[in-house]
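**Q** The structure follows.
The values are calculated or read from the model by the stated rules, or taken from the named source; none is laboratory data. Everything quoted here is computed from the prediction, not taken from an experiment. All Cβ positions, even for glycine, are placed from backbone atoms using ideal geometry, and neighbour counts span all protein chains on display. Keep in mind that these areas ignore ligands, DNA and RNA; they rest on the heavy atoms of the full protein, side chains included. Shrake-Rupley method; radii C 1.70, N 1.55, O 1.52, S 1.80 Å.
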Amino acid sequence: MPEKIVPSARSQASFLMDSILGEKRLLADLNLDSMMKNLSTADRARSQRLLLNTLRSLERADALILPFLEKRPKLKILNVLRLATVEIMENGHAHGIVNEYVSIIGRNKNLKNYKGLVNAVLRKVSNSDRSIWNKLDIPQLPKWLRRILLDSYGISVTQKIEKQHLERPPIDITIKNLKLIEHFLIELKGRQICKHSLRLKNAGQISTLPGFNAGDWWVQDFSASIPVCLFKEIQGKSALDLCAAPGGKTMQLSAGGAYVTAVDISDVRVSKLKENLSRTSLDATIIISDLFKIKECFEVIILDAPCTASGTIRRHPDLPYVKSQSDLNKLFRLQYKMLEHAVSLMTVTSQLVYCTCSLLPQEGEHQVIKLLNNFHDLRVDNYLPQDLVFLESYRTEEGGLRLLPNHFADKGGIDGFYIAKLVKV
């Protein structure tokens with residue numbers, strides 16, 4: 001058995017890299033609380049920051065490292081070299097970085113014979129001209145995903161998306177009580193995106209920020225906050241949030257005065273939903289169930305359907321290394337089946353918002369076009385509240401909104417999303 005590595009932000013980042021790239025496990029599916037229980041809160045945040053920065057720049061790191069190697073080493077060694085290289089190239093203190101990663105390798109019985117190799121390669125990296133780092137090629141998306149984007153948006157937009165994925169994204173938060181927006185604008189030194197959303201450029205440790213423990217706000221990318229805003233009025237109305245966890249839209253609906261029923265099939269994800277509702281002192285009826293078992297009609301319905309999540313790569317750079325094109329058609333069929341069921345829960349006065357955090361038109365525009373062709377009593381409603389009328393420029397041919405990561409690039413970009421509001425004719 002390998003010797004136990006002394007926990008540190010860097011050793012934990014190395015372990016997580018191995019889990020993602022070696023075992024093809026999403027970061028969101030790993031039990032981070034258990035894995036990081038011996039790290040301080042600050043080191044937990046630092047470990048994830050190291051990991052995510054490296055995943056964003058993986059191709060660049062390899063371009064710098066591999067010429068210094070006679071052959072490609074085993075993955076655990078390569079991951080250590082990648083982490084160290086990215087940290088060094090982003091103006092880290094080379095001496096301390098090299099020493100710690102060499103020490104991490106040396107304490108592992110199965111890897112200690114590579115100490116010399118790791119030390120030699122990282123010394124060469126340290127002596128490299130750091131100005132070349134930002135001149136290296138922008139990392140490209142996986143071929144299967146890139147091909148779809150090229151067909152859908154062309155080379156220029158695809159390259160802009162990839163460039164945005166390389167940037168560390170800001171944090172967006174949704175304010176529970178709109179009367180406090182000015183207060184938190186000053187308190188958190190944020191930038192207001194719209195009447196309910198603030199953007200924090202260098203947020204640091206989220207849980208220590210003013211208002212978090214009091215439940216005055218929650219983290220929610222601006223794109224993800226838009227669907228609820230498309231409802232003209234929700235106070236006092238019955239609302240259904242399908243595939244609700246972790247609960248951003250449920251909290252928006254509840255804060256807006258709706259009577260919310262939140263449905264999700266995952267016990268693990270629902271536990272996070274409950275935690276978020278408890279922290280924010282908001283209410284919802286929670287049902288852990290397959291959404292097809294829901295038969296009651298509602299006045300307001302949101303379906304944030306399961307998807308490739310390709311629109312969130314800027315915040316989740318592990319996705320391209322774990323997800324694949326396998327079973328895409330099966331996923332598309334499931335989305336449409338869910339959308340059909342959501343329509344069956346509508347009355348003549350209901351409002352339904354369908355959305356996916358995806359870059360693929362097959363998960364957005366194509367689904368709504370198919371639905372409109374099959375249900376002639378439905379139409380897309382193009383209502384936008386006054387503070388979001390600037391989104392009109394992202395209106396698609398069938399009437400939805402298509403948001404891409406490179407939109408608002410000068411402000412830090414946004415998650416890729418498709419959103420369409422459907423009503424009965």
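**Q** Would you kindly state how much longer the chain becomes between residue 95 and residue 373 on full extension, computed as 0.36 nm times their sequence separation minus their alpha carbon distance, in nm to one decimal?
**A** Once the chain is fully extended between residue 95 and residue 373, it gains 93.8 nm.
**Q** Which net charge results for the neighbourhood of residue 106, defined as the other residues with beta-carbon distances under 9 angstrom from its beta-carbon, given Lys and Arg at +1 and Asp and Glu at -1?
**A** +3
**Q** Out of all Cα-Cα pairs in the chain, roughly what percent, to the nearest whole number, are more than 36 Å apart?
**A** Result for the distance tail: 31 percent.
**Q** Now for a separate question. Would you tally the net charge around residue 322, using a Cβ to Cβ cut-off of less than 10 Å, leaving residue 322 out, and scoring K and R as +1, D and E as -1?
**A** 0
**Q** Is any residue of the stretch 26-68 close enough, with backbone N under 20 Å, to a label point placed 7 angstrom from the Cα of residue 120 along the Cα-Cβ axis, and if so, which?
**A** The answer is 62-68.
**Q** Okay, moving on. For the stretch 126-230, what does the convex hull of the Cα positions come to per residue, in cubic angstrom?
**A** 171
**Q** Within the chain, what percent of beta bridges assigned by DSSP are antiparallel, to the nearest 5?
**A** 55
**Q** Relative to the present Cα-Cα distance, how much length would full extension add between residue 152 and residue 281 at 0.36 nm per residue of separation?
**A** Full extension from residue 152 to residue 281 adds 42.2 nm.
**Q** At a 1.4 Å probe radius, carbon and sulfur cover how many percent of the accessible area of the chain?
**A** Of all accessible area on the chain, carbon and sulfur atoms account for 50 percent.
**Q** Assuming R0 = 25 Å, what is the FRET efficiency of residue 410 and residue 195, from their Cβ-Cβ distance, to the nearest 0.05?
**A** After rounding to 0.05, the efficiency reads 0.75.
**Q** Once fully extended, how much extra length lies between residue 163 and residue 42, figured as 0.36 nm per residue of separation less the alpha-carbon to alpha-carbon distance?
**A** Residue separation times 0.36 nm, minus the Cα-Cα distance, leaves 40.7 nm.
**Q** With each label point set 7 Å from Cα along the Cα-Cβ vector, what nm distance links residue 132 and residue 180?
**A** Roughly 5.1 nm, to one decimal.
**Q** Mind ordering 118-130, 71-83 by average Cβ neighbours within 10 Å, highest first?
**A** Taking the mean over residues of other Cβ atoms within 10 Å, the ranking is 71-83, 118-130.
**Q** Can I ask one more? Where does the chain land at 222 nm, in deg cm²/dmol rounded to the nearest 500, when only DSSP H runs of n ≥ 4 count, each adding -39500 (n - 2.57), divided by all residues?
**A** -12000 deg cm²/dmol, from helical runs alone.
**Q** Please report, in debye to the nearest 20, how large the charge dipole of the stretch 192-345 is about its Cα centre when each Lys and Arg carries +1 at its beta carbon and each Asp and Glu carries -1 there.
**A** Charge dipole, the stretch 192-345, about its Cα centre: 380 debye, nearest 20.
**Q** For the charge dipole of the chain, defined by +1 on Lys and Arg C-beta atoms and -1 on Asp and Glu C-beta atoms about the Cα centroid, which residue among 388, 420, 75 has the Cα displaced farthest towards the positive pole?
**A** Of 388, 420, 75, it is 75.
**Q** Please state the charge dipole magnitude for the stretch 180-231, taken about the Cα centre, from unit charges on C-beta atoms (+1 on K and R, -1 on D and E), reported in debye and rounded to the nearest 20.
**A** Using Cβ point charges on Lys, Arg, Asp and Glu, the stretch 180-231 gives about 200 debye.
**Q** Hey, another quick one. Efficiency by 1/(1 + (r/R0)^6): what FRET value for residue 24 and residue 107, r their Cβ-Cβ distance, R0 = 41 Å, to the nearest 0.05?
**A** 0.95
**Q** Give me the dipole magnitude in Debye, nearest 20, for the stretch 294-425 about the Cα centre, with unit charges on the beta carbon: positive for Lys and Arg, negative for Asp and Glu.
**A** 260
**Q** Which net charge results for the neighbourhood of residue 46, defined as the other residues with beta-carbon distances under 11 angstrom from its beta-carbon, given Lys and Arg at +1 and Asp and Glu at -1?
**A** Net local charge, residue 46 excluded: +1.
**Q** Leaving out ligands and nucleic acids, and using a 1.4 Å probe, what accessible area per residue does the stretch 203-318 come to in Å²?
**A** Accessible surface, normalised per residue, equals 38 Å².
**Q** Roll a 1.4 Å probe over the protein chains and send me the accessible area per residue for the stretch 90-158 in Å².
**A** 57
**Q** Treating the angle as unsigned and between 0 and 90°, give the value, to the nearest 10°, between the Cα long axis of helix 115-126 and the longest Cα principal axis of the chain.
**A** 70
**Q** Wrap a convex hull around the Cα atoms of the stretch 313-405, take a quarter of its surface area, and give that in square nanometres.
**A** Averaged projected hull area, Cα only: 7.4 nm².
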